[in-house]
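Chemist: Supplied in structure tokens, the structure appears directly below.
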Amino acid sequence: MPGDDTNETDDKLVQRYDTILKESALLSTFSGILFGFLLNMAINIPEHFEFIDKVTLIVALYSTTVAASLFVMPVIYHHLQYPYGSLDKFKSRSHRFIILGLIPAGLTLYLGLQLAIHSLLGLIESFILASLPFILVYFLFRARKGEFLKNL
């Protein structure tokens, strides 16, 4: 009908919800696959694993479990609260869930890399070398608006 823009508004709302839920699904899948690898390693513990490796593996398993739970929260929140009037409230809460989930996901990636390096090198070296990719990402993130990236 001419002048009836409620369908356009509804379509935009559905698209905005859809984008957030797709991001949540992607991150949930990522953390679920990571959890599967770590769980397999925990069930089939390598013979050369030391006590510190076992503790690191347990911490990584808990960390990825927390990350997966936080990444799936926007979907759960959507289904518990739908329909509701405020897209901004949904976006804000979903954003917080995802940002909070990135912290344990990053910790899991760090610990997984540390475990892999520790199988080749010493304990202290593995903790130091596992931090290098995160330091690089941090500097690239900080330099994203500067001249550094324009010259690459």
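The values are calculated or read from the model by the stated rules, or taken from the named source; none is laboratory data. What you are looking at is a predicted structure, and each value in this text was computed from that prediction instead of being measured. Positions of Cβ are backbone-derived with ideal geometry, glycine not excepted, and every protein chain shown enters the neighbour counts. The accessibility values were calculated without ligands, DNA or RNA, using every heavy atom of the protein model including side chains. Shrake-Rupley method; radii C 1.70, N 1.55, O 1.52, S 1.80 Å.
Chemist: Return the pairs, sorted by first residue and then second, in which the second residue is open to solvent by 80 Å² or more (accessible area, probe 1.4 Å), the first residue lies in the stretch 91-108 and is over 13 Å from L27 (Cα atoms), the beta carbons are less than 8 Å apart, and the residues are 6+ apart or on different chains.
Modeler: K91/R16
Chemist: Then there's this: Kindly list, by first and then second residue, each pair from a residue in the stretch 124-142 that is aromatic (F, W, Y) and outside any helix (DSSP H, G or I) to a residue that is open to solvent by 70 Å² or more (accessible area, probe 1.4 Å) and at pLDDT 90 or above, limited to pairs with Cβ atoms under 9 Å and residues at least 6 apart or on different chains.
Modeler: The qualifying pairs do not exist here.
Chemist: Restricting attention to the stretch 5-17, does a residue exist that is modelled with pLDDT under 80, among the hydrophobic types (A, V, I, L, M, F, W, C) and not in a loop (DSSP other than H, G, I, E, B)?
Modeler: Checking the stretch 5-17: at least one residue is modelled with pLDDT under 80, among the hydrophobic types (A, V, I, L, M, F, W, C) and not in a loop (DSSP other than H, G, I, E, B).
Chemist: Condition first: surrounded by fewer than 17 Cβ atoms within 10 Å (Cβ to Cβ), at pLDDT below 90 and more than 24 Å from F35 (Cβ to Cβ). Can you find one or more residues in the stretch 125-135 that meet it?
Modeler: No, that holds for no residue.
Chemist: Scan the stretch 86-98 for residues that are open to solvent by 80 Å² or more (accessible area, probe 1.4 Å) and not charged (D, E, K, R) and jot them down.
Modeler: Correct list: H95 only.
Chemist: Could you check, for the stretch 43-54, whether at least one of its residues is open to solvent by 60 Å² or more (accessible area, probe 1.4 Å), assigned to a helix (DSSP H, G or I), free of Cβ contacts under 8 Å to residues at least 24 places away in the same chain and of a type in the set (D, E)?
Modeler: So far as the stretch 43-54 goes, no, none of its residues is open to solvent by 60 Å² or more (accessible area, probe 1.4 Å), assigned to a helix (DSSP H, G or I), free of Cβ contacts under 8 Å to residues at least 24 places away in the same chain and of a type in the set (D, E).
Chemist: Here is a list: S28, S94, S86, S69. Which entry is modelled with pLDDT of 90 or more and of a type in the set (S, T, N, Q)?
Modeler: On inspection, the qualifying residue turns out to be S69.
Chemist: Further, regarding this structure: Could you go through the stretch 72-81 and let me know if any residue there is under 21 Å from the mean Cα position of the chain (by Cα), within 25 Å of G122 (Cβ to Cβ) and not hydroxyl-bearing (S, T, Y).
Modeler: Scanning the stretch 72-81, I find no residue that is under 21 Å from the mean Cα position of the chain (by Cα), within 25 Å of G122 (Cβ to Cβ) and not hydroxyl-bearing (S, T, Y), so the answer is no.
Chemist: A further question follows. Of all residues in the stretch 45-88, count the ones that are within 18 Å of L113 (Cα to Cα) and either touching a Cys at 6+ places or on another chain (Cβ under 8 Å) or among the β-branched types (V, I, T) (or both).
Modeler: Looking only at that region, the number is 8.
Chemist: Please enumerate the residues belonging to the stretch 58-70 that are touching a Phe, Trp or Tyr at 6+ places or on another chain (Cβ under 8 Å) and either open to solvent by 30 Å² or more (accessible area, probe 1.4 Å) or of a type in the set (A, V, I, L, M, F, W, C) (or both).
Modeler: If the condition is that a residue be touching a Phe, Trp or Tyr at 6+ places or on another chain (Cβ under 8 Å) and either open to solvent by 30 Å² or more (accessible area, probe 1.4 Å) or of a type in the set (A, V, I, L, M, F, W, C) (or both), then L61, T65, A68, L70 are the ones that fit.
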